[in-house]
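Just so you know, all these numbers are worked out from the coordinates, no wet-lab data involved. What you are looking at is a predicted structure, and each value in this text was computed from that prediction instead of being measured. Backbone-built Cβ (ideal geometry, glycine too); neighbour counts: all protein chains shown.
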Amino acid sequence: MIISVLNLRQVLCISITKEDNYIAMFRNYLMIALRNFRRNQLYALLNVMGLAVGIACFLLLFVYVKHETSYDQFHSKNKSLYRALLHLKVYDREVSQSATSASLAPTIKKNYPEIDRATRYLNTQGLLGYNNKQLIIENMAFVDPDFPHMFDFEFIQGNPAKALINPKSIVLTETYARKFFGSTKNALNNVLEGQNGEKVTVTGIVKDVPSNSMIQFNSLVSFNSRDTTKNNFMSWGRNFLQTYVLLKPGTDYKAFNKKLGGLQAELTKKGIFDERYTKRALLQPLNDAYLVGYKGANQGAQKFVYIFAAVAGFILLIACINYMNMATSGAMNRAKEVGIRKVVGSHRKQLITQFMLESFLLVSLATILALVFVELSLPYLSTLSSKQLVFGWTNMANLGLILGLVLAVSFLSGLYPAFFMSAFNTILVLKGKFVRNSKTARLRKGLVVFQFTLSAIIIISTWISFQQFSFMMNKNLGYDNERVYIVPFYDGGKNGQKLKLFKNKLLQNPKIKAITASSAVPGSQEWNNNLFDFVYKGEKTSITADVFLTEADYPDFMGIKMLKGAKLSPKMRSDSSVQVLINEAFVQKAGWKLNSNDPTLNPIGQKLDKGRRTVVGVFKNIHIRSLHFKIKPMVIAYRPKENLQYIYTRLQTQDLSQTIASVQASFSDIEKRIPFEGFFMDQKFAKEYNEDQKRVKLFTIFSILTVIVACLGLFGLASFTIAQRTKEIGIRKVLGASLGQILQIITRDFVVLVVVANLIAIPVVLYFTSQWLDSFAYAANINYLIVFLLSGIIAVGIALCTISWHVLRAAGVNPVEVLKDE
């Protein structure tokens, strides 16, 4: 018994002693690490800053990518929610569109038991007033009563189940409730009045729609508030709204899509669809709507998510490589330290532990700085991207990411230097003979080539993306939109009397060169999309086209080029037929020929919609959408009796601000209820490229940061190389070498590395950028030779600037000091 107790005591003492030894050892490692940082402050600072920038960029891009991939994930039923698409096949061309008929939702809900709920979604704008306060509400959405049952937009007030059942019901967002009523508390049951005297009752208040929602609105109005009996509102040929569907649990949407194909056959049999065209509805998961998009339109954001995710990985990898190069470049200064530690009994495992601990400390400090940088940068990034970007510091998954990042970066960046330095030959390093390892040198140079290849890929890709963006912004749209100032005018008077008064006032202004009016504005997405029937070679056929209702002088005002036929004219108007102009795309799709003498093939004089419209002219294709989209068939129709709500004015070049002020004064004299919201046409169209502009800016910012981080790695390698060649530089100076000659000799190897990196990057960039440009309907003609040459010159210039500091510093040392021990 006594012997057992004594043995136990001995074991405990031994284990306590071992524990104390480990604590002492780690304390010693920590002190050594801190002393090393203090002795090599520049390298420690560069390492920390490089890692901090790399980790911060990674986390910022992680937040951005996470936001982009989270679209519509907050809906509890998101896996059962679908967007209806209309798939069209006309001749050999296939395209899909999200615009559907107002008849689709009620029809499929009635006839297909797999559908639990369905809603139409018509996004428009409208004027509403309360107590003499008039507001134009952008994103005023008309939806069916099923809408609140399908989507989880949080109601602050009101009953979601009943809010949109009754006609003339409206649900406002928090922001608009405060604009109308000052707060959300007393908003319910208030009555808002529209421009024509129609009244709607506030039946609910919802929180503002998050930025990661495909469905964006400022108000929801019950769909049964609209008069669906006029203007062929329910026609299957009019595709102007979106349809969303909630399938019942357990329904296979792919199998259901096949079943939904029977709807086309049924409608074709009834003569509603032309049998020569494939036109069928299909469902797309709502989770794919933002990322994937659909064929024939601006493709989704998925490719940009991949790009930014790749950039995040590149920057972090480059930062890790930097640390490896920095650590190994400073190995000469610590060679004797390693040798002495081995002499006094340190094992290689202990040395590796020491160097890994140093890596962990540096990475931890860099991560702290990175988190500060992230917190300071997120508001700017949110503003730049127009997205609600937050990191979520209390989110356990995010905290786990940070911890995992620290451990992973510590391991990746510290492992190679730890093994490299712990393998030094004790006798050689204590004699001061630091032997170069050709394999290690090749690896180090290979890492620099790798990181500069990544940098070159990002630099060249940024340049090409900027050229594409510049091309889209500056391409000739087919009309003159310079100095065109547009005023929305919602005339509620009889026969447009207020509109006539307003136009007459504007015509009296000598600084306004011309005036016209239209039902829509290029870039506004507010034009109608109608189905036009006609006879082609004796057979009835139809084409879906965009429609602008305008005054007769609209084409002249816009500078639209006529290719054939007459212009619009009030004198040509008859009561039985509306004169229209069509574009080249309409002619091509219809199968007509501009110069044909065959009256059945010549577009001029063709009758559309059973003779209700007559083609009097053909105009050159114009862009009314962004260059992401191909030009579609278009019709400009002369409809003077329509309430054309957009007044176009072309201003003189002098005193634009003064002229705009006079336009606003004329507007206020006639319409006191409605706020003035004029805008320049070119600025309105430029908003079509807002997302592209934001992405190019983000890409440019992170490209610059990538180059900076890569230069830090080159800085480390240059330091290592020049430290090894200090005596060589001294001997060359003694033998009469000039500073320029020394600079040329030292920088030659680095320039070769950068050139090799650019050559490797070229085929990679060619492959991926050509695929990216193919996603645009109209792409810039990139001169790749010039891009590659200039990018290479810039890369070499950056490398020379980075290296030159070390070379000049080494060349400035007195050769006597360098060679005195030889």
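Among the GluC sites (Glu not before Pro) in the stretch 660-736, which ones are in a DSSP loop with at most 15 other Cβ atoms within 10 Å of the Cβ? Mind listing them?
When the GluC sites (Glu not before Pro) of the stretch 660-736 are filtered for loop state and at most 15 Cβ neighbours within 10 Å, Glu677 remain.
Once the chain from Leu403 to Asp252 is taken as fully extended at 0.36 nm per residue, the excess over their C-alpha distance is 50.4 nm. Site pair Val752 and Arg483 shows an inter-label distance of 6.1 nm when each label is modelled 7 Å from Cα along Cα→Cβ. Placing dummy labels 7 Å off each Cα toward the beta-carbon, the span from Asn196 to Phe629 is 2.5 nm.
Divided by 2.2 N^0.38 Å, where N counts the residues, the Cα radius of gyration of the stretch 451-493 comes to 2.19.
Based on the Cβ-Cβ distance of Ser364 and Met31, what FRET efficiency does E = 1/(1 + (r/R0)^6) give at R0 = 22 Å, to the nearest 0.05?
Values: r = 16 Å, r/R0 = 0.75.
Computed FRET efficiency for Ser364 and Met31: 0.85.
Figure the gain on full extension for Phe411 and Lys207 (residue separation times 0.36 nm, minus the Cα-Cα span) and round it to one decimal in nm. Can you show the working numbers first?
Values: separation 204, 0.36 × 204 = 73.44 nm, distance 4.47 nm.
Using 0.36 nm per residue and subtracting the Cα-Cα distance, I get 69.0 nm.
Measuring r between the beta carbons of Ser738 and Phe466 and using R0 = 35 Å, the FRET efficiency lands at 0.30.
Taking a sphere under 10 Å around the Cβ of Tyr778 and counting the other residues whose Cβ falls inside, with K and R at +1 and D and E at -1, yields a net charge of +2. Between Ala661 and Thr726, residue separation times 0.36 nm minus the direct Cα-Cα distance comes to 16.3 nm. With a Förster radius of 25 Å applied to the beta-carbon distance between Glu677 and Thr229, the computed FRET efficiency rounds to 0.20. One equal scatterer on each Cα of the stretch 484-684, no solvent, Debye formula: the resulting log10 I(q)/I(0) at q = 0.11, 0.12, 0.17 Å⁻¹ is -0.55, -0.65, -1.14. Place a label point 7 angstrom from the Cα of Phe155 along the Cα-to-Cβ direction, then list the residues of the stretch 117-145 whose backbone nitrogen is under 13 Å away. Residues 145 qualify, since their backbone N sits under 13 Å from the label point.
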